[in-house]
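For reference, the structure is listed below as structure tokens.
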Amino acid sequence: MAKPLAGKVALVAGATRGAGRGTAVALGEAGATVYCTGRSAGGRRSDYDRPETLEETAELVSSAGGVGIAAGVDHLDPAAVQSLVQMVDDDHGRLDILVNDIWGGENLIEWDAPVWAHHLDTGLQMLHTAVDTHLITSHFALPLLIRNPGGLVVEMTDGTREYNAAHYRVSTFYDLAKNAVLRLAFSQAEELKPFGCTAVALTPGWMRSEMMLEHFGVTEANWREAAATQPHFAAISESPRFVGRAVAALAADPDVQRRSGESFSSGGLAQEYGFTDTDGSRPDCWRYLVEVQEAGLPADAKGYR
């Protein structure tokens, strides 16, 4: 297989599971060296208290054809992030791809709770884990990334700029967290422009993360069996690898800077770059969400994957 990212060095912050793990592995498929970071390393578990580890992610990256390196880091700790970036600098002297995927807010969500009813401490914690971590990581990592033109920053979020501008997203705290990340991509794009580097925002669709599969009582091997209770999920969901392949496609695009400051979805980029999900399909979730699910139509992925 072609390795368009051979020789490139990537840092995926928040790589233990979900989109972060899918992205790390997809970058490995493309031949990159990938630092997989987060808190679930060395026997330590994150607030989710789940079994997935960074060591497993790094092994998957290497098995896919890249070089995976697990590094346990709390991205709310500036000194720890600074040490991480220094390690990357000492090892390679460069950073070509930064993916800010840290989220950590699944257990903090209070669906449709207005700002005055939402627990304040969990709402603020959601903002800290979703926004502060990205800012801290970029603060220390971007001086290394801008040493060479062509560097790419991907801010992972939920929803495109167009979709979120017209939709209330779950709660004020969640809405602010996800839209702040969209704006982070735009702002960083402006600051990276003089150095020939790029920043974009990227959203997966309805993703079959480990937690989502467990919630619906299915696995990656039989997820279509959720159709009886979750027909739209069974119709249009995507694996975490799909959004990862979107990152890899952006990183391999020699003209990616034309996209700087914009927001994209995995499904939208698949139509442009031609990559597929692990099952060979190209699910276009955000278009499906508006045109089928929100329109009240029965689940039918024809024309959407």
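The values are calculated or read from the model by the stated rules, or taken from the named source; none is laboratory data. Every value quoted in this text rests on a predicted model; they were computed, and no experiment measured them. Ideal geometry is used to build each Cβ from the backbone, glycine not excepted, and the neighbour counts take in all protein chains shown.
I'd like the full set of residues that are without any contact (Cβ under 8 Å) to a residue 40 or more places away in the chain and either of a type in the set (Lys, Arg) or surrounded by 16 or more Cβ atoms within 10 Å (Cβ to Cβ) (or both), limited to region 75-103.
Passing the criteria: only Ala80.
Please enumerate the residues belonging to region 185-195 that are surrounded by fewer than 21 Cβ atoms within 10 Å (Cβ to Cβ) and either under 24 Å from Ala166 (Cα atoms) or among the β-branched types (Val, Ile, Thr) (or both). Give the derivation first.
Just the residues of region 185-195 that are surrounded by fewer than 21 Cβ atoms within 10 Å (Cβ to Cβ), to begin with: 186-187, 190-191, 193-195.
Selection gives Phe186, Ser187.
So for region 136-151 (the condition being within 25 Å of Arg287 (Cα to Cα), crowded, with 17+ Cβ neighbours inside 10 Å, touching a residue at least 60 places away in the same chain (Cβ under 8 Å) and in contact with a helix residue (DSSP H, G or I) (Cβ under 9 Å, 6 or more places away or on another chain)), does at least one residue qualify?
Residues of region 136-151 within 25 Å of Arg287 (Cα to Cα): none.
Checked against the condition, which is being within 25 Å of Arg287 (Cα to Cα), crowded, with 17+ Cβ neighbours inside 10 Å, touching a residue at least 60 places away in the same chain (Cβ under 8 Å) and in contact with a helix residue (DSSP H, G or I) (Cβ under 9 Å, 6 or more places away or on another chain), region 136-151 yields no hits at all.
Which one of these is within 19 Å of Val12 (Cβ to Cβ) and either assigned to a helix (DSSP H, G or I) or modelled with pLDDT of 95 or more (or both): Val115, Val61?
Numbers: Val115 fails: within 19 Å of Val12 (Cβ to Cβ).
Every option except Val61 fails the conditions.
Which pairs have Cβ atoms under 9 Å, sit 6 or more apart or on different chains, and link a residue in region 25-42 that is at negative phi to one that is of a type in the set (Phe, Trp, Tyr) and surrounded by fewer than 24 Cβ atoms within 10 Å (Cβ to Cβ)?
Ala26/Phe275; Ser40/Tyr48
Would you check which residues across region 64-92 are of a type in the set (Asp, Glu) and assigned to a helix (DSSP H, G or I) and list them? Step through it out loud before you land on a result.
Filtering region 64-92 for residues of a type in the set (Asp, Glu) gives 74, 77, 89-91.
The answer is Asp89, Asp90, Asp91.
For region 208-280, which fully contained helices (runs of 4 or more DSSP H) count at least 3 residues that are surrounded by fewer than 20 Cβ atoms within 10 Å (Cβ to Cβ) and at pLDDT below 95? Can you show your working first?
Details: elements: 210-216, 231-236, 240-252, 266-273.
Per the criteria, 210-216.
In region 30-59, how many are closer than 13 Å to Arg245 by Cα and surrounded by fewer than 24 Cβ atoms within 10 Å (Cβ to Cβ)?
Initially, region 30-59 is screened for residues closer than 13 Å to Arg245 by Cα, giving 30-32.
From what is left, the residues that are surrounded by fewer than 24 Cβ atoms within 10 Å (Cβ to Cβ) are 31.
The total comes to 1.
Please identify the pairs in which a residue from region 155-170 that is over 11 Å from Ser263 (Cα atoms) and assigned to a loop (DSSP other than H, G, I, E, B) has its Cβ atom under 6 Å from the Cβ atom of a residue that is of a type in the set (Asp, Glu) and modelled with pLDDT of 95 or more, counting only partners at least 6 apart or on another chain.
From region 155-170, the pairs are Arg169/Asp175.
Condition first: aliphatic (A, V, I, L, M), free of Cβ contacts under 8 Å to residues at least 40 places away in the same chain, touching a Phe, Trp or Tyr at 6+ places or on another chain (Cβ under 8 Å) and closer than 21 Å to Leu60 by Cβ. Now tell me which residues in region 217-256 satisfy that.
Result: Ala249, single match.
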